[in-house]
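Data block below; observations after.
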Amino acid sequence: QGWGAEEQADIRAGIEAALALGLPARVCVTGVSYGGFSSFYALTRMADLVQGAVPVCGMWTLDLDFQATGQDHLRDYSIEMMGGTPEEVPERYLNGSPGSFVADARGKALVVQGLCDTNVAPENAHAALRDLRAAGHKPGELFFKDEGHGITRPANLETFLARLDAFLEDL
């Protein structure tokens, strides 16, 4: 139940199927919001399959995200997804959190975040960078002071896509 469960197994199965067909030479997972969470998840929980991750406005630890979000309806959604609050079911939040498995991360990361995000608070990106660096990784970072939940401004999209292209070329 909750984030980090069956849907992540589906993503893993998709990556494994593509690899079995010999399709990608390298695998990088990227996405926005829940896709950002899945990118962090792949970096830490699917490190045997992926060479990189580019989480955009993604959740790093579910308890931190629960506490940092400024919106009650998002906390209610977390409670519904996880079957309770972090205090009520801490093991679900811990086991579903990519950050709980930072020691297993092996690929490269580029962490992208809008600093005005009220959906997935920037504290997630800051914690991910801190934890990845403490574990010996050298993640890239790209913060946008004038973006919220996602990267939508044309100039910022141009910057993001250029950094993403360079990141992928360097995998």
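The values are calculated or read from the model by the stated rules, or taken from the named source; none is laboratory data. Remember, predicted model here, so these are calculated numbers, not experimental data. Glycine also receives a Cβ, built like all others from the backbone with ideal geometry; neighbour counts cover every protein chain displayed. Accessible surface areas use protein heavy atoms only, side chains included; no ligands, DNA or RNA. Shrake-Rupley method; radii C 1.70, N 1.55, O 1.52, S 1.80 Å.
Take the conditions surrounded by 15 or more Cβ atoms within 10 Å (Cβ to Cβ), of a type outside the set (S, T, Y) and touching a Ser or Thr at 6+ places or on another chain (Cβ under 7 Å) and apply them to V112. Does it pass?
no
In this structure, does V56 turn out to be of a type in the set (V, I, T) and either touching an Asp or Glu at 6+ places or on another chain (Cβ under 6 Å) or open to solvent by 10 Å² or more (accessible area, probe 1.4 Å) (or both)?
no
Would you say A17 is open to solvent by 30 Å² or more (accessible area, probe 1.4 Å), modelled with pLDDT under 95 and assigned to a helix (DSSP H, G or I)?
Against the criterion (open to solvent by 30 Å² or more (accessible area, probe 1.4 Å), modelled with pLDDT under 95 and assigned to a helix (DSSP H, G or I)), A17 does not qualify.
Quick check on region 83-99: of everything there that is assigned to a loop (DSSP other than H, G, I, E, B) and surrounded by fewer than 14 Cβ atoms within 10 Å (Cβ to Cβ), which residue is modelled with the lowest pLDDT?
G83
Against the conditions (1) at pLDDT 95 or above; (2) more than 18 Å from V111 (Cβ to Cβ); (3) part of a helix (DSSP H, G or I), where does D48 fall short? Just the number, please.
(3)
For region 75-82, indicate whether the set of residues that are under 20 Å from D131 (Cα atoms), surrounded by 14 or more Cβ atoms within 10 Å (Cβ to Cβ) and either of a type outside the set (S, T, Y) or in contact with a Gly (Cβ under 9 Å, 6 or more places away or on another chain) (or both) is non-empty.
No, every residue in region 75-82 fails to be under 20 Å from D131 (Cα atoms), surrounded by 14 or more Cβ atoms within 10 Å (Cβ to Cβ) and either of a type outside the set (S, T, Y) or in contact with a Gly (Cβ under 9 Å, 6 or more places away or on another chain) (or both).
Considering only residues that are among the hydrophobic types (A, V, I, L, M, F, W, C) and either part of a helix (DSSP H, G or I) or open to solvent by less than 40 Å² (accessible area, probe 1.4 Å) (or both), which ones fall in region 128-144?
Selection gives A128, L129, L132, A134, L142, F144.
Which condition breaks for G150 when tested against (1) more than 12 Å from L43 (Cα to Cα); (2) without any contact (Cβ under 8 Å) to a residue 60 or more places away in the chain; (3) not basic (K, R)?
Result: G150 fails condition (2) only.
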